[in-house]
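See below for the structure under consideration.
The values are calculated or read from the model by the stated rules, or taken from the named source; none is laboratory data. Please read all numbers here as calculations on a predicted model, not as lab measurements. Virtual Cβ from ideal backbone geometry, glycine too; neighbours counted across all protein chains shown.
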Amino acid sequence: MRAESALRTSGHGPSWHISVQTDLLVSMKKHVAVIGAGVSGLTCGILLAEQGYLTTIFAEETGTGITSAAAGAIWFPYDVEPFDAAIKWALESYRVYDLLRHEPNSGVSLIELQTFSRHGTIPIPEWANELGATLLDPSGERPMASFSHGFVMQVPLIDTTIYLPYLTKRFAVAGGRLTDKTHLSALDEIPAEFEIVANCAGIGARILVPDDDLEPHRGQVVIVPRLDLNCAVVCDDEPLMYAIPRTNDCVFGGTNEISDNRQPDPATTEKILGECSRVLNIGPPRVLTERVGLRPFRRSGVRLASDRLTDGRTVIHNYGHGGSGFTLSWGCAADVLRFAEAIC
Ligand SMILES: Cc1cc2nc3c(=O)[nH]c(=O)nc-3n(C[C@H](O)[C@H](O)[C@H](O)COP(=O)(O)OP(=O)(O)OC[C@H]3O[C@@H](n4cnc5c(N)ncnc54)[C@H](O)[C@@H]3O)c2cc1C
């Protein structure tokens, strides 16, 4: 197609020749279908499309309804297995976010994260040491009276309201196509022209694959107007609590329970507002909106592996990132690309 148009427009042998060469190179790259337009699917789609793969994302849902749009989202390994692999993917992703924060309109910045416990001490994890984490005095500059102990470190803050549109645009600029409102009942339904399938269906993989090892770890957050808060505050002890200031608003959380219910619960909203306001020592702010997402937790750990469809095509699974989909996204996508390159 490209060679034909070059022939028509230039009429010169050399440019036709160059165009054919380019076409041969492009045609050597395979058609890849990515299932899912959350952070996992979009990140994989970008790496594949930017490497010249003819990439199409198929997704049932896009936009604010998906789990990725409910996330805080800060870089922090949480509610994910297996530990060693997760830390490797997380640190790889940290380095990419550290570059992305210099890119205009990416929605990525660096923020001070204060992590607290309610009782006793909280040790600094080994992986956090190499990122410069230090112990925090709860009676320090901004008193967090409810907490006994904590540590502080700089982490990437990913403003999903800016970052997900940024990923979508970057994918399109790389030549990727997005086919939304497409529900797949089975992986084999991907059209035969796609030689490789990357499965990034999040909790949807539970039925799509199917995979009984996946567990929906439901999380609800409340979005409130921007506050005078220049750090993210997190406490993993019950009740789970976090406040994450973003460009235009602030995310209050949260919950983590096994449930498929994607509807916001008004009583939970009140509890989240109450606990965050108490910890931050402010009056309950106005509610802008509520969001619910199902963290795709996989008991045996993230599934990042190559397999075969019944017709022999390759499927690369990339799901089960639990509460760390953003934290692991670039590291995992790089492995998906490695699997694809090994096939081609
Ligand atoms: C409240 C909350 C807070 C969180 N905070 C953080 C945080 O601070 N940091 C962090 O790293 N992570 C956080 N997470 C976790 C993170 O949001 C998830 O790990 C991540 O969003 C999973 O992304 P995903 O792309 O794999 O799945 P999703 O975002 O769920 O996307 C799945 C995609 O696959 C599509 N799909 C599914 N099934 C099918 C099908 N059968 N056919 C077609 N398409 C299908 C969906 O429509 C969707 O487009 C949080 C999660 C929640 C709920």
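Only residues that are over 20 Å from Val233 (Cα atoms) and surrounded by fewer than 19 Cβ atoms within 10 Å (Cβ to Cβ) were counted across segment 290-312, and they come to 11.
For segment 81-121, which residues satisfy the criterion of being within 30 Å of Asp213 (Cα to Cα) and hydrophobic (A, V, I, L, M, F, W, C)? Those that are within 30 Å of Asp213 (Cα to Cα) and hydrophobic (A, V, I, L, M, F, W, C): Phe83, Ala85, Ala86, Ile87, Trp89, Ala90, Leu91, Val96. Looking only at residues in segment 17-62 that are among the small types (Gly, Ala, Ser) and over 20 Å from Leu187 (Cβ atoms), the one that is modelled with the lowest pLDDT is Ser19. Residue pairs whose Cβ atoms lie under 6 Å apart, sitting 6 or more positions apart in sequence or on different chains, and linking a residue in segment 253-274 that is more than 14 Å from Thr67 (Cα to Cα) and more than 14 Å from the ligand (Cβ to nearest atom) to a partner that is in a loop (DSSP other than H, G, I, E, B) and of a type outside the set (Ser, Thr, Tyr), are Leu273/Pro284. Counting only strands (runs of 3 or more DSSP E) wholly contained in segment 118-226, the ones carrying 3 or more residues that are within 24 Å of Ser106 (Cα to Cα) and modelled with pLDDT of 95 or more occupy 149-158, 177-179, 214-225. Among the residues making up segment 232-263, those that are assigned to a strand (DSSP E or B) and surrounded by fewer than 17 Cβ atoms within 10 Å (Cβ to Cβ) are Glu257, Ile258.
Here is the figure for segment 290-308: residues that are of a type outside the set (Asp, Glu) and away from the ligand (no atom under 13 Å from the Cβ) total 6.
Quick check: is even one residue across segment 277-287 more than 11 Å from the ligand (Cβ to nearest atom), more than 26 Å from Leu227 (Cβ to Cβ) and either modelled with pLDDT of 95 or more or touching a helix residue (DSSP H, G or I) at 6+ places or on another chain (Cβ under 8 Å) (or both)? No, because not a single residue in segment 277-287 is more than 11 Å from the ligand (Cβ to nearest atom), more than 26 Å from Leu227 (Cβ to Cβ) and either modelled with pLDDT of 95 or more or touching a helix residue (DSSP H, G or I) at 6+ places or on another chain (Cβ under 8 Å) (or both). Of all the numbered requirements in (1) buried (at least 19 other Cβ atoms within 10 Å of the Cβ); (2) free of Cβ contacts under 8 Å to residues at least 24 places away in the same chain, Val173 misses one, and that requirement is (1).
If you check Pro191, Pro156 for being closer than 30 Å to His119 by Cβ and either more than 9 Å from the ligand (Cβ to nearest atom) or surrounded by fewer than 23 Cβ atoms within 10 Å (Cβ to Cβ) (or both), only one passes: Pro156.
Which members of segment 36-54 meet the condition of being out of contact with any Cys (no Cβ under 6 Å at 6 or more places or on another chain) and under 18 Å from Gly320 (Cα atoms)? Can you show your working first?
Filtering segment 36-54 down to residues out of contact with any Cys (no Cβ under 6 Å at 6 or more places or on another chain) leaves 37-39, 42-43, 45-54.
Matches in segment 36-54: Ala37, Gly38, Val39, Leu42, Thr43, Gly45.
Scanning segment 269-289 for residues that are closer than 13 Å to Val221 by Cβ and not in a loop (DSSP other than H, G, I, E, B) turns up Thr269, Lys271, Ile272, Leu273, Glu275, Cys276, Thr289. Quick one: in segment 55-75, which of the residues that are in contact with a Ser or Thr (Cβ under 9 Å, 6 or more places away or on another chain) and surrounded by fewer than 23 Cβ atoms within 10 Å (Cβ to Cβ) is farthest from His321 (Cα to Cα)? So the residue we want is Thr56.
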